[in-house]
Amino acid sequence: MRFAHRLRGGAWLGLAPFLLFIAIFLLTPTLVVVVGAFLDDSGRPTLDNLRSLLQGYVVDALVSTLELSIGTAVVGAVIGAVLSYAVATAAPEGALRRTVTAGCAVLAQFGGVTLAFAFLATVGAQGFITLFLAQHLAIAVPGDLLYGLGGLGLVYTYFQIPLMVIVFLPALEGLRPQWREAAESLGSSTWQFWRHVAGPILLPSFLGSTLLLFANAFAAYATAAALVSQGAPILPLVVRATFTSEVVLGQANVGKALALSMVVVVALVMAAYAWLQRRTSRWIG
């Protein structure tokens, strides 16, 4: 018992750096946002910051952000699920499986300014694909392709698909061959197996993964900030503008209220994701 107690104490000691990191870079900023959303510039309690969420430009940015997040989440989930199935049915030690999983692990984390630069250098106004198509095939790529909501959707989908492969592949691998064999022994067709057995089992995991992709796109900032220098088509850029604008001053606490609304949305989505994951774990272990 004494050894077990020391082990538990040692485990907590080992977690201390991680807990300190979480406290400094997650809990403290969240607390600053929550408190600042209900204070004015003089430090007095107010609800005016929350009322600013009803302004037209904020509502438009929220709608655009939801469209971008939902669209890229759905596209990434569908394409990623198909790719996950192809990987799951490949040879466990084959080159295809190792290459795809390794590539997805890298590409899912390939974002921010680096990803924006990669797209600019590829299909931007002076990108090599843009110039090649114009010079050799007389195909004109719009110069502003990447600078609007559609361009952001294209860039976001680039990292949404590999993220879907990473989070959905374990669910596909959890499907037991015995279930397929039992269904076939009872005269079930492939469609009936997926409709009545595999589909209901995988549905919570698929929906949960889609919610994760939605949260990933909803909170993304660096890539959009690098591509969109004029205007603020999505909510994270509106938050940035409240802190950096040289035209409208004293909007920092309004930005905190906007950030708080995003925190609430992401928290609700992640709570739904956790609930769906618990349902999935009943069948897939």
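Can you tell me, using C-alpha contacts under 8 Å and at least 6 residues apart, the relative contact order of segment 45-140 as a whole percent? Can you show the working numbers first?
Values: 25 pairs, mean separation 7.6, N = 96.
With pairs under 8 Å counted, the relative contact order is 8 percent.
Please report, in debye to the nearest 20, how large the charge dipole of the chain is about its Cα centre when each Lys and Arg carries +1 at its beta carbon and each Asp and Glu carries -1 there.
1120 debye
Using Cα pairs under 8 angstrom and six or more residues apart, how large is the relative contact order of the chain, in percent?
Numbers: 304 pairs, mean separation 80.7, N = 285.
Relative contact order for the chain comes out at 28 percent.
Quick check on the chain: helices-only [θ] at 222 nm, where DSSP H runs of length 4 and up contribute -39,500 (n - 2.57) each and the sum goes over total residues. Nearest 500, please. Don't jump to the answer; show the numbers that get you there.
Numbers: 14 runs with 205 residues, N = 285.
Calculated mean residue ellipticity at 222 nm is -23500 deg cm²/dmol.
Hey, can you grab everything whose amide H is under 5 Å from the amide H of LEU39? Only 5+ residues off in sequence or another chain; H modelled, so Pro and N-termini drop out.
HN-HN under 5 Å from LEU39: THR46.
Residue by residue, what Karplus-based ³J(HN,Hα) values in Hz, rounded to whole numbers, does segment 257-264 have, using 6.51, -1.76 and 1.60 with θ = phi - 60° and x for Gly and Pro?
Using θ = phi - 60°, the values come out as 5, 5, 4, 4, 4, 5, 4, 5 Hz.
When you take every Cα atom in segment 77-215, what is the radius of gyration, and what is Dmax, the widest Cα pair distance, in Å?
Rg and Dmax of segment 77-215, Cα atoms, are 19.4, 61 Å.
Residue by residue through segment 191-197, which ³J(HN,Hα) values in whole Hz follow from phi under the Karplus form 6.51 cos²θ - 1.76 cosθ + 1.60 (θ = phi - 60°), with glycine and proline marked x?
4, 5, 4, 6, 6, 10, 10
Hey, how many Å between the Cα centroid of segment 53-89 and the Cα centroid of segment 117-161?
Value for the Cα centre distance between the two parts: 20 Å.
Can you list the equivalent-ellipsoid semi-axes of the chain, largest first and in whole Å, using the square root of 5 times each Cα gyration tensor eigenvalue? Let's see the in-between values first.
Numbers: eigenvalues 279, 187, 74 Å².
After scaling each eigenvalue by five and taking roots: 37, 31, 19 Å.
Where only protein heavy atoms count, and the probe is 1.4 Å, what is the accessible area per residue for segment 85-128 in Å²?
Values: 2570 Å² over 44 residues.
Spelled out: the 1.4 Å probe surface of segment 85-128, per residue, equals 58 Å².
Counting only heavy atoms of the protein chains, get the accessible area per residue of segment 130-208 (1.4 Å probe) and round it to a whole Å² value.
On the way: 4340 Å² over 79 residues.
For segment 130-208, the solvent-accessible area averages 55 Å² per residue.
Under 5 Å between amide H atoms, partner at least 5 residues away or on a different chain: which partners does ARG176 have, H built in plane at 1.01 Å?
none
Rg/Rh for segment 138-201: what does it come to with C-alpha atoms and Rh from Kirkwood?
On the way: Rg = 20.2 Å, Rh = 15.3 Å.
Radius of gyration over Kirkwood radius for segment 138-201 works out to 1.32.
On the accessible surface of the chain, probed at 1.4 Å, how many percent belong to carbon and sulfur atoms?
Numbers: 11580 of 16600 Å².
Carbon and sulfur: 70 percent of the exposed surface of the chain.
Can you list, largest first and rounded to whole Å, the semi-axes you get for segment 152-264 by taking the square root of 5 times each eigenvalue of its Cα gyration tensor?
Numbers: eigenvalues 414, 36, 17 Å².
Equivalent ellipsoid semi-axes, largest first: 46, 13, 9 Å.
The values are calculated or read from the model by the stated rules, or taken from the named source; none is laboratory data. Please read all numbers here as calculations on a predicted model, not as lab measurements. Here the Cβ is made from the backbone with ideal geometry for all residues, glycine too, and neighbour counts use every protein chain on show. For the accessible areas, the whole protein counts, side chains as well, though only heavy atoms, and no ligand, DNA or RNA atoms are used. Shrake-Rupley method; radii C 1.70, N 1.55, O 1.52, S 1.80 Å.
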